[in-house]
Amino acid sequence: MMLSSTFLKAAGAIAVAVAIAFAGFLFIETTRWLVLLICGVLFATFAYFVAIFRGRARDAALVCASLALGLFVIEIVVWRMNDSPTTSREKGSWALNGELGLVPARPGVIHEKKVAANGVVIYDVANTIDENLTRKVVSADSGPTIAFFGDSFTFGAGVNDADTLPQSFADATDRRFRVLNLGMGGYGPQQFLRALEIDVHDALLKKDPRLFVMLTAPWHAFRSACVEGNAWFGPSYALQDGAPVYRGPCSAQAPALVGALTTIFRWTEVYKYFSASRQRPLEPADMDLYIAILTRAGEIARQKYGVPTLILFLPDDLSNPRHYHLGPDYGNDDIMRKLRDGGLRVVGVSVDANAHPIEDLFIPGDGHPTGLSNRIWAKRLRDVVAADFGETGGRPSPLGSK
């Protein structure tokens, strides 16, 4: 009788813990607070087990409670030691898509704020999501379509709608073209390819497509190789006979329980600290897969949509070794050459900071491009497209004679 009573108490405690954790997933947006909540719930649950269990079960519960408390303390220490900023956005604004990863959950305005550890606001912006669940671009309602793919650099993390790269390009071309912003935070070449393979954006892309633009950088190879944390829910590919083959989401490459625990661990400050400080260089296999994915996306763009793909390539910063991820087998020029060999038009988009000594090119304390960088890149893209795509699939250039 006592044994069944103990198990009933344990089951009740687990039910309460699960309910609290589920509420946290629903109402807590910042992963840091969610991790601390989970650690606290685990500690409280196992501490309760210590009180009701006896023998080996009690000893096991004590060990688990100690581990949960230790992780809770370590999280706070690493957070304060690193002076990590806190990013907050409205809960319920983002949801998981089974194929691509995170996508906006609803149309409307998503407010996002990033605050440094000392309380200084790094940015406080509003992201307008349109009825197609993409970031709003004010451009022509119809006509030649130019679609931008990419990650948070393309989406415009840290800047308001008017300062994103796609909006800057629409403005630079006098809003004469239908411009789409299909970028999303945490995305990479693998989402670009998967979206084209499964026709995710066909309702938008099949309306007079003229050009696809992908903003990318060598460190995207960490994402296409499922190494970087924010690629965990995105698609994964493997090379077979030199071609990228889809094999499900990155998270599915681990057993279910291991995958769930890995997902939670990837949210922790401990993981971010050790992952960032000990990140290995990119390996040749990573770069081969990265290049193959972009090349294949370009092939599908030509075959299915009849458009060329232009790669805006942001080189690794060779002047700062901390940002240099390329190994000895690949350099920026090698990557751009191989992408061109694959039929892609490649344009470097590095900006000389000395030419802009007063204004910031990247958001201080964050690293995403400012509106200034986006406007510089947009004007460069406008000029390159006008010069290089005089004919696109037998049709007039999307930029006309400008």
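The values are calculated or read from the model by the stated rules, or taken from the named source; none is laboratory data. Predicted model only: the values in this text are computed from it and were never measured. All Cβ positions, even for glycine, are placed from backbone atoms using ideal geometry, and neighbour counts span all protein chains on display.
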Worksheet item: Do we find a residue being in contact (Cβ under 8 Å) with a residue 24 or more places away in the chain, farther than 24 Å from V270 by Cβ, of a type in the set (S, T, Y) and not in a loop (DSSP other than H, G, I, E, B) anywhere in region 31-51?
Response: yes
Item to complete: Quick one: which residue in L205, L239, L196 is in contact (Cβ under 8 Å) with a residue 12 or more places away in the chain and closer than 16 Å to R135 by Cα?
Response: L205
Worksheet entry | Candidate set: region 289-316, residues that are in contact (Cβ under 8 Å) with a residue 24 or more places away in the chain and surrounded by fewer than 18 Cβ atoms within 10 Å (Cβ to Cβ); chosen: the one nearest to I335 (Cα to Cα) | P315
Fill in: Residue that is farthest from G24 (Cα to Cα), among those in region 85-131 that are surrounded by 13 or more Cβ atoms within 10 Å (Cβ to Cβ) and among the polar types (S, T, N, Q)
T128
Item to complete: Check R382 against each of (1) modelled with pLDDT of 95 or more; (2) under 23 Å from P209 (Cβ atoms); (3) of a type outside the set (F, W, Y) and name the one condition it does not meet.
Response: (1)
Worksheet item: Going by the conditions given, is D286 of a type outside the set (A, V, I, L, M, F, W, C), within 17 Å of G188 (Cβ to Cβ) and assigned to a loop (DSSP other than H, G, I, E, B)?
Response: no
Fill in: Single residue of region 339-364 satisfying the filter (in contact (Cβ under 8 Å) with a residue 60 or more places away in the chain and buried (at least 17 other Cβ atoms within 10 Å of the Cβ)) that is nearest to V121 (Cα to Cα)
I363
Worksheet item: How many residues, within region 141-155, are surrounded by fewer than 20 Cβ atoms within 10 Å (Cβ to Cβ) and either in contact with a Lys or Arg (Cβ under 9 Å, 6 or more places away or on another chain) or farther than 19 Å from L165 by Cβ (or both)?
Response: 3
Worksheet item: Cβ-Cβ below 9 Å, separation at least six or inter-chain, first residue in region 79-100 and at pLDDT 75 or above, second of a type in the set (G, A, S) and part of a helix (DSSP H, G or I): which pairs?
Response: E99/A195; L100/A195
Discussion item. Within region 206-238, take every residue that is outside any loop (DSSP other than H, G, I, E, B), at pLDDT 90 or above and aliphatic (A, V, I, L, M) and give me the one that is nearest to L294 (Cα to Cα).
Written reply: M214
Discussion item. Please verify whether V138 is of a type outside the set (S, T, Y), surrounded by fewer than 14 Cβ atoms within 10 Å (Cβ to Cβ), under 14 Å from L180 (Cα atoms) and outside the structural domain of L42 (by TED's automatic domain parsing), treating the condition exactly as stated.
Written reply: yes
Discussion item. What's the number of the only condition in (1) of a type outside the set (A, V, I, L, M); (2) modelled with pLDDT of 85 or more; (3) buried (at least 17 other Cβ atoms within 10 Å of the Cβ) that G24 fails to meet?
Written reply: (2)
Worksheet item: Is region 325-336 home to any residue that is assigned to a loop (DSSP other than H, G, I, E, B) and β-branched (V, I, T)?
Response: no
Practice prompt. Output the residues belonging to region 172-204 that are buried (at least 20 other Cβ atoms within 10 Å of the Cβ), out of contact with any helix residue (DSSP H, G or I) (no Cβ under 6 Å at 6 or more places or on another chain) and under 22 Å from V138 (Cβ atoms).
Written response: F177, R178, L182
Discussion item. Against the condition touching a residue at least 60 places away in the same chain (Cβ under 8 Å) and among the aliphatic types (A, V, I, L, M), how does V125 come out, does it pass?
Written reply: no
Worksheet item: Among the residues of region 188-202, is any in contact with a strand residue (DSSP E or B) (Cβ under 6 Å, 6 or more places away or on another chain), modelled with pLDDT under 95 and in the same structural domain as R247 (by TED's automatic domain parsing)?
Response: no
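If we only count strands (runs of 3 or more DSSP E) wholly inside region 83-163, which ones have 2 or more residues that are under 29 Å from Y246 (Cα atoms)?
It comes to 94-97, 101-104, 145-149.
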Discussion item. Being over 23 Å from E131 (Cα atoms), of a type in the set (K, R) and touching a residue at least 12 places away in the same chain (Cβ under 8 Å) narrows it down to one residue among R247, R223; which is it?
Written reply: R223
Fill in: Matching residues, region 44-70, being touching a helix residue (DSSP H, G or I) at 6+ places or on another chain (Cβ under 8 Å) and of a type in the set (A, V, I, L, M)
A44, A47, V50, I52, A57, A61, L62, A65, A68, L69
